[in-house]
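The values are calculated or read from the model by the stated rules, or taken from the named source; none is laboratory data. Everything numeric here is computed off the predicted structure, so don't read it as measured data. Here Cβ is always computed from backbone atoms with ideal geometry, including for glycine, and neighbour counts include all displayed protein chains.
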Amino acid sequence: MGAVLSIPELVEQEKYCIHTPCVYDCSSARACELAGYKAILLSGGEVGEIFGALSEDEMDSSEVFFIAEKIAYFSPLPLVIDCGCFKADPSATYRWSYKFAHAGCMGLLIEDEDGIDKDTFLKMVKAAVLACEGTKCVVIARSNRRLRAPEDFDYVVDVLNAAVDEGAFMTMACGLNSAEKAEIIGKRVKGLKMYPDQTIHDGKPEVVDEEIYKLGYAMISYHYTLKVAMAAIVEYGKKNLAAGNNKPATEEVRLYNGSYGCSAMPMFDYQGKFDKQEAYTGVHRIARIPGQELD
């Protein structure tokens, strides 16, 4: 299938903060689509978790690409890639950015991880921009510097504005964790911005959509999918064990369309796929959902 809209097209269509949850595979991407999200972000951290608690510095680009390629092909939502696995090498950045962009990914977060100096980072941004030429993929320049002192803000503002000059479509200051910091960066960094990893403090969100959208924040990312998926697995695992059977998970959990059974198959259009296959195989197949009675 692939993304229906590019990031620029979506930004122009929505004209508001686009909530962009982190995903880690095709099933989480599908769940976010069904929930009503318009864009998704492949989290390097959560990919590491599904690979067995690997940190991003332990992963290489091929491992992230393995997941990204499948989501980009499967999901109609534009997929942004967390490129923290990229090494501080503009040539390698070009090679892998080209692969991600031509696989259908719609955004690449190019990061200045610890140890990457400004000059190298900007060369990486430029390499990624050139690699995306001829595709709908855009570059989002991300600075990971912690924002503690005035000189930190000065550095981030300088490097992100320079990245925009190199062709970045959007920027992200990953040190944001308050509306006050978001305002400083929003006013001083030109162009569109993405707010990172939104969370809650004392029951209140860090930022309000209406306020930061006026400052140029067109997208907001946050983590939730893997957390709630694991929480539900633990919750219903305990209920199943206590019941001595699969009744709680089968009967209590209704999928988005009211389907029942003991499988997530109804969340994927298997029958539609089989119907298309029938046109060239001549074989009629019925999608049988585990836990549902056969006809």
Margin query: For a quick check of your reading of the model, give me the residue pairs whose first member lies in segment 40-65 and is crowded, with 17+ Cβ neighbours inside 10 Å, whose second is small (Gly, Ala, Ser) and in a loop (DSSP other than H, G, I, E, B), with beta-carbon atoms closer than 7 Å and at least 6 apart or on different chains.
Written below: Ile40/Ser75; Gly44/Gly84; Gly48/Ser55; Glu56/Gly84
Check: Considering only residues of segment 76-117 that are aromatic (Phe, Trp, Tyr) and surrounded by fewer than 24 Cβ atoms within 10 Å (Cβ to Cβ), which is nearest to Ala29 (Cα to Cα)?
Finding: Tyr98
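Of Cys22, Cys26, which residue is modelled with pLDDT of 95 or more, in contact with a strand residue (DSSP E or B) (Cβ under 6 Å, 6 or more places away or on another chain) and assigned by TED's automatic domain parsing to the domain that holds Thr135? Break it down stepwise before answering.
Working: Cys26 fails: in contact with a strand residue (DSSP E or B) (Cβ under 6 Å, 6 or more places away or on another chain).
Just one listed residue meets the conditions, Cys22.
Check Ala141, Ala182, Ala173 and return the single one that is farther than 18 Å from Asp114 by Cα and within 21 Å of the chain's Cα centre (by Cα).
Details: Ala141 fails: farther than 18 Å from Asp114 by Cα; Ala173 fails: farther than 18 Å from Asp114 by Cα.
Ala182 is the lone residue from the list that is farther than 18 Å from Asp114 by Cα and within 21 Å of the chain's Cα centre (by Cα).
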Notebook entry, point to check: What's the number of the condition Thr171 fails, among (1) more than 16 Å from Thr20 (Cα to Cα); (2) in contact with a Lys or Arg (Cβ under 6 Å, 6 or more places away or on another chain)?
Noted result: (1)
Margin query: Just checking, does segment 153-169 include any residue being closer than 25 Å to Glu69 by Cα, modelled with pLDDT under 95 and in the same structural domain as Leu42 (by TED's automatic domain parsing)?
Written below: no
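Based on what the data block shows, is Thr281 in contact (Cβ under 8 Å) with a residue 12 or more places away in the chain and over 30 Å from Val80 (Cα atoms)? Quick ask: steps written out before the conclusion?
Numbers: in contact (Cβ under 8 Å) with a residue 12 or more places away in the chain: no; over 30 Å from Val80 (Cα atoms): yes.
Judged against the criteria, Thr281 is not a match.
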Next item on the list: Count, please, the residues in segment 149-175 that happen to be free of Cβ contacts under 8 Å to residues at least 24 places away in the same chain and assigned to a loop (DSSP other than H, G, I, E, B).
Entry: 1
Checklist line | Failed criterion for Met1 (all others in (1) surrounded by 15 or more Cβ atoms within 10 Å (Cβ to Cβ); (2) in contact (Cβ under 8 Å) with a residue 40 or more places away in the chain hold) | finding: (1)
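Just need a number here: residues in segment 177-195 that are in a loop (DSSP other than H, G, I, E, B) and modelled with pLDDT of 95 or more.
Of all residues in segment 177-195, those in a loop (DSSP other than H, G, I, E, B) come to 177-178, 189-191.
Applying the additional criterion that residues be modelled with pLDDT of 95 or more yields 189-191.
Total meeting the criteria: 3.
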Next item on the list: Looking for whichever is buried (at least 24 other Cβ atoms within 10 Å of the Cβ) and touching an Asp or Glu at 6+ places or on another chain (Cβ under 7 Å) here; the options are Arg142, Arg146. Which one fits?
Entry: Arg142
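Taking Leu108 as the residue in question, decide whether it is in contact (Cβ under 8 Å) with a residue 40 or more places away in the chain, in contact with a Phe, Trp or Tyr (Cβ under 9 Å, 6 or more places away or on another chain) and closer than 22 Å to Val11 by Cα. If you could, list the steps in order and put the result at the bottom.
Working: in contact (Cβ under 8 Å) with a residue 40 or more places away in the chain: no; in contact with a Phe, Trp or Tyr (Cβ under 9 Å, 6 or more places away or on another chain): yes; closer than 22 Å to Val11 by Cα: yes.
So Leu108 fails the test.
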